[in-house]
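Reading through the structure tokens given below for one structure.
The values are calculated or read from the model by the stated rules, or taken from the named source; none is laboratory data. Note that the structure is a prediction, hence the values are computed from the model and not measured. Using ideal geometry, Cβ is built from the backbone for each residue, glycine included, and neighbour counts are taken over all protein chains shown. Note: accessible area is taken over every heavy atom of the protein model, side chains too, but ligands, DNA and RNA are not part of it. Shrake-Rupley method; radii C 1.70, N 1.55, O 1.52, S 1.80 Å.
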Amino acid sequence: MTPTSHEILFRGADSIYSAEELTERLRLGRPLRVKLGMDPTAPDLTLGHTVVLRKLRQFQDAGHKAVLIIGDYTAMIGDPTGRSKTRPVLSADDIETNARTYFDQAGMVLDLSPDKVEVRHNSEWLSKLSFADVVKLMSRMTTARMLERDTFARRQAEGKEIYLHELLYPLMQAYDSVMIQSDVELGGTDQTFNNLCGRDLQRSAGQLPQIVLVMPILIGTDGAQKMSKSLGNYVAVTDPPGEMFGKVMSIPDALMANWFTLLTDLPAERIAKLTDASRTHPRQAKETLARTIVTQYHGAAEAEAAAQEFSRVFGGGGGGLPDDVPEIDVSSCVENGTASPVDLIVACGFAQSRSEARRLVSEKGVRLNGETIDDAVTPVAVKPGDVIQRGKRKFAKLVL
């Protein structure tokens, strides 16, 4: 059965404040203004970012207007959400560069047609507030309400500093909702407090309060923590097709239902079948997931090529090699035909530090010519043409 537009909009949501209000707002018979704010604090998007972007696209496809807020002014403060210390202040040039990259990559998900999206920079209104305006804005929220926020409460309990400008951030984001008169605001679960502040401020401004639809945080490829570039457990929307395919194939089976729901448009009935091991083998299900995701960002032909290459390399016990194995000159760490495993791993770019390289060895995550390196101290014999491998996807051919 084909899902209705209402069912699609509700799909995958963690929380809606409130579902009844959203249903009533959808019955108004007019396009809703659906807000998504982003601070351009980093340039690149991962599949984790696309969870909310995909929800915004679903609203667009249902006939509603996406209002994308580029937080060029709020980025000068930096969202304190989840931070144990104050964010560093970005330069105007960094903010502009990141915003441009973000917008280009968001276009891989959103419909950027002028009638489908409205792009605003919150410096349009925030930069024009006088000090008296800021004081008036602050008078609309109590300190006790602000300190309910888990980030601030945690810092306060740990005796860490909370700077006054950080307390302004939720109010500034909430003021964006007033200025663009949003009907719905989207965000991840970590943005719940900020988005609900928008409801409070709209009420005090005499507006109909926005509905807040909160999406889950996508777990990374490690199956344990939030997808993050700093943790290395991410899939970037700009990853090459083969790399994207391989990363998806590496996720734990337990993540598949969540990824299918949040990252694809497959109907719930098919997802249920794909994630039921008694009806679909997990490898087959995961290949469907990988093909679907790669197709979204690179097209069906690239997805098919990536699937065939993955099968060639790993399908028969992993005896093959990718066609594009990079050649790495490791002469600097080779002496008399041997090299320290740690130095070799770092020289190949498989680790950023010696300590990370030792950890990889202890986890049996590196192979030389198919043999696991299990000793970080004993030198290994190397010769030109040898192949070193980290995990399932990273290879290098040694050059001396």
Of the listed pairs 55/273; 55/394; 226/247; 229/364; 286/364; 55/286, those with alpha carbons more than 26 Å apart are 55/394
15 Å Cα-Cα reach of residue 65 towards aspartates and glutamates, excluding residues that sit fewer than 8 places from it in its own chain:
111, 115, 118, 183, 185
Tell me which chymotrypsin sites (Phe, Trp or Tyr not before Pro) from segment 141-220 have a DSSP coil assignment and no more than 16 other beta carbons within 10 Å of their own.
163
Pop out the ³J(HN,Hα) list for segment 264-274 in order, Karplus 6.51 cos²θ - 1.76 cosθ + 1.60 with θ = phi - 60°, rounded to Hz; leave Gly and Pro as x.
9, 9, 5, x, 4, 4, 6, 4, 4, 5, 5
Counting other Cβ atoms within 10 Å, which trypsin sites (Lys or Arg not before Pro) in segment 193-275 have at most 15 and lie in a DSSP loop?
229
Whenever you get a sec, compute what percent of the accessible area on segment 261-400 sits on carbon and sulfur atoms (1.4 Å probe).
48
A correct Karplus calculation of ³J(HN,Hα) over segment 237-247, with 6.51 cos²θ - 1.76 cosθ + 1.60, θ = phi - 60°, whole Hz and x for Gly and Pro, returns 5, 9, 4, x, x, x, 5, 4, 4, x, 5
Between (1) 32.2, 116; (2) 38.3, 150; (3) 24.4, 79, the structure-derived Rg and Dmax of the Cα atoms in Å is (3)
Quick one: Karplus J couplings for segment 58-74, per residue in order, coefficients 6.51, -1.76, 1.60, θ = phi - 60°, nearest Hz, x for Gly and Pro?
4, 5, 4, 5, 8, x, 9, 9, 7, 10, 8, 9, 8, x, 5, 8, 5
Expressed per residue, the solvent accessible area of segment 265-367 in Å² (1.4 Å probe) is about 55
Euclidean distance between Cα centres, segment 160-230 to segment 251-297, Å:
29
Which aspartates and glutamates, on any chain, are close to residue 116 with Cα under 12 Å apart, when same-chain ones fewer than 8 places away are left out?
61
Listed by chain and number, the aspartates and glutamates with an alpha carbon less than 18 angstrom from that of residue 128, same-chain partners under 8 positions apart left out, are 72, 176
